[in-house]
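**Q** I have a structure I would like to understand better, so I am pasting it below and will then ask my questions one at a time.
What follows is calculated from the coordinates using simple rules that are stated; it is not laboratory data. Given the structure is predicted, the values throughout are model-derived calculations rather than measurements. Positions of Cβ are generated from backbone atoms using ideal geometry, with glycine treated the same way; all protein chains shown enter the neighbour counts.
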Amino acid sequence: MQAYGYAELVAAQTTPACRLSWTTLAAIGEVESAHGSFNGAVLRADGVSEPTIYGLPLDGKGGRQLVADTDRGVLDADTTFDRAIGPMQFIPSIWSAHAIDADRDGVANPNDIDDAALTAAVFLCKGGRDMSRADSWWEAILAYNAIQPRAQKVFATADDYGRRSQA
């Protein structure tokens, strides 16, 4: 929760026209990795997921995109196809292009929820998006993960978080 809230605060200060809410970031974290707990992982006190969370290979099978390896396996331990990594499930090329060291520990780490949440915020806000507008919100979410049912799940989860936070 702290990582998502911090990312919203930083986005509000650096890209105020974006109007990104923590609920969107939290929904992505929930849908992509159950907030860093997918497959038995846990978030340590420093925010790093242990063990590393790897998605399935992006090999074009089972409804997944086809994304050939872009990092020689450095981030995702796969030299054939890319795999999403960490609690916010970044593919290596997106991580490399937008990575931020949010907790200022000297390393922009996709396995660190603090770094990953702020990097997600920057990615979602890029290009002058206004996340309070439905068309921009959907554009951003589908750019993050182009699978429509997954995007719909992010929407439903963000909506749920928003409703529960007002109760």
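**Q** Run the simple label-point estimate for THR79 and ARG163 please: 7 Å along Cα→C-beta, distance reported in nm.
**A** The modelled label-to-label distance comes out at 5.0 nm.
**Q** Counting only other residues whose beta carbon sits under 10 Å from that of THR119, what net charge do I get with K and R as +1, D and E as -1?
**A** Once all neighbours under 10 Å are counted, the net charge is -4.
**Q** Now a separate question. So I have (1) 256; (2) 138; (3) 114, and one of them is volume of the Cα convex hull per residue in Å³ calculated from this model. Which one is it?
**A** Among (1) 256; (2) 138; (3) 114, the one calculated here is (3).
**Q** Net charge around MET1, counting only other residues with Cβ within less than 13 Å of its Cβ (Lys, Arg = +1; Asp, Glu = -1)?
**A** -2
**Q** Which net charge results when you count Lys and Arg as +1 and Asp and Glu as -1 among the other residues whose beta-carbon is under 12 Å from that of ILE53?
**A** Net charge around ILE53: -3.
**Q** Another question, then. Let me spell out the model: positive unit charges on the Cβ of Lys and Arg, negative unit charges on the Cβ of Asp and Glu, origin at the Cα centre of segment 2-166. What dipole size does that give, in debye rounded to 20?
**A** 520 debye
**Q** Kindly list the residues of segment 65-91 that lie in the label zone of GLN148, defined by a backbone N under 18 Å from the point 7 Å along the Cα-to-C-beta vector.
**A** Answer for this model: 65-66.
**Q** Grab the beta carbon distance between ALA12 and ARG104, set R0 = 30 Å, and tell me the FRET efficiency rounded to 0.05.
**A** The pair ALA12/ARG104 has a calculated efficiency of 0.95.
**Q** With a cap of 14 neighbouring Cβ atoms within 10 Å, and only residues DSSP puts in a loop, list the trypsin sites (Lys or Arg not before Pro) found in segment 8-83.
**A** In loop regions of segment 8-83 (DSSP not H, G, I, E or B), the sparsely surrounded trypsin sites (Lys or Arg not before Pro) are ARG44, LYS61, ARG72.
**Q** Output the relative contact order of segment 26-164, whole-number percent, from Cα pairs under 8 angstrom with separation of 6+ residues.
**A** This gives 20 percent for segment 26-164.
**Q** Using θ = phi - 60° and the Karplus form 6.51 cos²θ - 1.76 cosθ + 1.60, what ³J(HN,Hα) does each residue of segment 98-108 get, whole Hz, x for Gly and Pro?
**A** Each residue of segment 98-108 in turn: 10, 3, 10, 8, 5, 8, 6, 9, x, 9, 7 Hz.
**Q** If a/c stays under 1.5 just call it rounded; otherwise compare a/b with b/c (prolate if a/b is bigger, oblate if not). Do that for segment 74-167, with a ≥ b ≥ c from the square roots of the Cα gyration tensor eigenvalues.
**A** Prolate.
**Q** Go through segment 136-166 and name the trypsin sites (Lys or Arg not before Pro) that are in a DSSP coil and have 12 or fewer other Cβ atoms within 10 Å of their Cβ.
**A** Answer by residue number: there is no such site.
**Q** Can you compute the helix-only [θ] at 222 nm over the chain? Use -39500 (n - 2.57) per DSSP H run of at least 4 residues, normalise by all residues, nearest 500 deg cm²/dmol.
**A** -14000 deg cm²/dmol
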